[in-house]
Amino acid sequence: MAKKRLQLQWLILPVAGLLVWAGVRAYRNQPGAEIGKDYATAAMERMAMRDYEGAIPVIQQAVDAPMPVSKEVAMLESVNLATVAKALETRSDLALAEQVRQRIVLVLESTVGREDPSLIASLDALAVLLSAEGKSTEAEIALRRSISIAEKQIRDDPAMADREAFVALQYSRLAELLAKQGRLDDAEATHRRAVSTIYRYHARTGKNAGEAAIEAAYVKILILRGRSSSEVTAEIARQKQEAGLKEE
């Protein structure tokens, strides 16, 4: 009897092992699994311990993990992945950092939609990275999306009107990106939009938030395009007047 019981146990153990393995796979592949967040946390911890060799495969697992369906899980995963991406950028591992930044955007989109304000910072960081990699077209797309979402947030929520200064800075950065592509007409028009936006913000709030840098970038491209000093001065004065900003 004892022998038969032992034989039965040897038969049951492999079957139980298969069931556990199948259960783990099912969990990891189910839409609401938190496996991506877990991998992101593990990757962040390994990077913090400077275990870069051990972190790389974990980061790749985080990038390839199923999308979460819970907003809370998505937010936690995106925060941890952002920390990982920054560490990778510091180490100049831009290709892997890009994969992580793209994952962050996809994770957020899968739970909050494509126009949620929580995407603004992630798209902005992705645009900076893509620009550093020389991928100006992709960087432009990400930056324009970031601007579009921020502008929609301002329209939808008057309490977010102070974000207008951020939008002005974004337009100035977009103009610089367009100039690098040789699209000087588009760059000048975008710089003009940045200046008008920051002047309106200043006129409305009385706050001078990064105005000098945005104005200087506009002046630079005007001079680059052959405007005289008097023409540049007149253009700046005109923009301030249209925005309702008094000359100081």
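The values are calculated or read from the model by the stated rules, or taken from the named source; none is laboratory data. Bear in mind that the values here come from a model prediction, so they are computed numbers and not experimental data. Using ideal geometry, Cβ is built from the backbone for each residue, glycine included, and neighbour counts are taken over all protein chains shown.
Please count how many residues of the stretch 197-210 are under 25 Å from the mean Cα position of the chain (by Cα) and either assigned to a loop (DSSP other than H, G, I, E, B) or surrounded by fewer than 21 Cβ atoms within 10 Å (Cβ to Cβ) (or both).
Filtering the stretch 197-210 down to residues under 25 Å from the mean Cα position of the chain (by Cα) leaves 197-198, 201, 209-210.
Within this subset, residues satisfying the condition of being either assigned to a loop (DSSP other than H, G, I, E, B) or surrounded by fewer than 21 Cβ atoms within 10 Å (Cβ to Cβ) (or both) are 209-210.
Here the count works out to 2.
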What tally of residues in the stretch 85-111 results from selecting those that are within 17 Å of residue 34 (Cβ to Cβ) and more than 13 Å from the chain's Cα centre (by Cα)?
2
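Which of the following residues is under 21 Å from residue 151 (Cβ atoms) and of a type in the set (D, E, K, R): 98, 77, 115? Break it down into steps so the answer makes sense when it comes.
Values: 98 fails: under 21 Å from residue 151 (Cβ atoms); 77 fails: under 21 Å from residue 151 (Cβ atoms).
Residue meeting the stated conditions: 115.
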Flagged in the stretch 222-245 as free of Cβ contacts under 8 Å to residues at least 40 places away in the same chain and basic (Lys, Arg), in numbering order, are 227, 238
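Every residue, every condition in (1) modelled with pLDDT of 95 or more; (2) surrounded by 18 or more Cβ atoms within 10 Å (Cβ to Cβ); (3) under 23 Å from residue 178 (Cα atoms); (4) not basic (Lys, Arg), yes or no:
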{"position": "59", "(1), (2), (3), (4)": "yes, yes, no, yes"}
{"position": "79", "(1), (2), (3), (4)": "yes, no, no, yes"}
{"position": "84", "(1), (2), (3), (4)": "yes, yes, no, yes"}
{"position": "96", "(1), (2), (3), (4)": "yes, yes, no, yes"}
{"position": "131", "(1), (2), (3), (4)": "yes, yes, yes, yes"}
{"position": "138", "(1), (2), (3), (4)": "yes, no, yes, yes"}
{"position": "145", "(1), (2), (3), (4)": "yes, yes, yes, no"}
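Working only within the stretch 86-133, note down all residues that are polar (S, T, N, Q), in a helix (DSSP H, G or I) and farther than 22 Å from residue 52 by Cβ.
Of all residues in the stretch 86-133, those polar (S, T, N, Q) come to 90, 92, 99, 102, 110-111, 118, 122, 131.
Those left that are additionally in a helix (DSSP H, G or I): 90, 99, 102, 110-111, 122, 131.
Matches in the stretch 86-133: 110, 111, 122, 131.
Please go through the stretch 138-166 and pick out each residue that is more than 15 Å from the chain's Cα centre (by Cα) and either touching a residue at least 40 places away in the same chain (Cβ under 8 Å) or within 23 Å of residue 211 (Cβ to Cβ) (or both).
Of all residues in the stretch 138-166, those more than 15 Å from the chain's Cα centre (by Cα) come to 151-165.
Result: 151, 153, 154, 155, 158, 159, 160, 161, 162, 163, 164, 165.
When you check residue 213 against the structure, is it farther than 19 Å from residue 125 by Cα and of a type outside the set (Phe, Trp, Tyr), yes or no?
The answer is yes for residue 213.
Which of the residues belonging to the stretch 167-193 are surrounded by 16 or more Cβ atoms within 10 Å (Cβ to Cβ) and either outside the structural domain of residue 223 (by TED's automatic domain parsing) or without any contact (Cβ under 8 Å) to a residue 12 or more places away in the chain (or both)? Please lay out each step first, then the result.
Here is the first cut: in the stretch 167-193, the residues surrounded by 16 or more Cβ atoms within 10 Å (Cβ to Cβ) are 167-179, 183, 186-188, 190-193.
Once the filter is applied, which keeps residues that are surrounded by 16 or more Cβ atoms within 10 Å (Cβ to Cβ) and either outside the structural domain of residue 223 (by TED's automatic domain parsing) or without any contact (Cβ under 8 Å) to a residue 12 or more places away in the chain (or both), the stretch 167-193 yields 183, 186.
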Looking for whichever is within 28 Å of residue 138 (Cβ to Cβ) and small (Gly, Ala, Ser) here; the options are 179, 209. Which one fits?
179
